[in-house]
């Protein structure tokens, strides 16, 4: 089974690496190259998340499962950071607490964690779509019609709630989108559901040279001659038709590269490991990069050296979370903050002892 989906594991590793690359200092030195990947970086993330989605669990079990997988690490990390800030005399603590529960990139201190709350919202939305609205029973042409409608409606209104001004008790309030970024759920869910609908095709994926070249050419032309751009966190989906074509083209290229890498042992193992640790890389990479770069670049003015430091910072930011994951998996106390309770050895031992007693 593992061999069958090895390229999907590698694609996940590439996907999280691209996220870390986008947040790296290398973007200062190679903005055009890195920004061009914005067309497919997050659409790829959502498509891969949808491949193994299942709506077979009962609602309560599904809610608990996704809360433990996504919301528990989100709240654990951000509430610990808030507690540390309170101990060190930080201010605006109530505002930061409100921002954590609002769950958007502009309301939290470690911005990439917005993806966890939004992915949770996507799971709930798609679960309701399948389980209660009968999406799975529709013919394929109608499913694609629904997704097209989602994309059209979602992209047209993507900025509708982005810092919209509301009057509340005589005060003007500017909303940074809706909680958990649910104002973009139609667009992101389109890629998620597409991954689910194409599950078998993606698992049996084999690259076609002509399609690869066409995808590369399309991506280059779109970036060079249009203003197409995607940034879900900032509610940007410029030139929707070209942006969507760019997203599909970039996704095809990443899947093709992943398939070829799956035939070479050490790159396959490396990116598979990154994919396995994607949660930890997502959470910690930005902070690690900024601290490492700040420390190593102190007093350095030469751009070539700064570029090298940026590369080192990027590599550390995706490798150190592998160590964090290793530690979490082996520490029964820390794992309570990140992993499902059912997998925790301490709790299992307690349950067994109570059953015996």
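Each reported figure results from applying straightforward, stated rules to the coordinates on display, with no laboratory input. The model shown is predicted, which means the values in this text are computed figures rather than measured ones. We place every Cβ from the backbone using ideal geometry, glycine too, and count neighbours over all the protein chains shown.
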Among the residues listed as 66, 72, the single one being under 22 Å from residue 44 (Cβ atoms) and surrounded by fewer than 20 Cβ atoms within 10 Å (Cβ to Cβ)
66
Among helices (runs of 4 or more DSSP H) entirely inside region 161-242, those with 1 or more residues being surrounded by fewer than 17 Cβ atoms within 10 Å (Cβ to Cβ) and touching a helix residue (DSSP H, G or I) at 6+ places or on another chain (Cβ under 8 Å) are 199-203, 209-225
Tell me, yes or no, whether region 194-211 has at least one residue that is out of contact with any strand residue (DSSP E or B) (no Cβ under 8 Å at 6 or more places or on another chain) and closer than 16 Å to residue 118 by Cβ.
yes
Do the conditions hold for residue 76, that is, is it under 22 Å from residue 288 (Cα atoms) and either in contact with a helix residue (DSSP H, G or I) (Cβ under 9 Å, 6 or more places away or on another chain) or in contact (Cβ under 8 Å) with a residue 12 or more places away in the chain (or both)?
yes
Looking only at region 33-61, how many residues end up being over 21 Å from residue 274 (Cα atoms) and either touching a helix residue (DSSP H, G or I) at 6+ places or on another chain (Cβ under 6 Å) or free of Cβ contacts under 8 Å to residues at least 40 places away in the same chain (or both)?
10
Given the residues 199, 204, which is the only one that is closer than 20 Å to residue 50 by Cα and more than 23 Å from the chain's Cα centre (by Cα)?
204
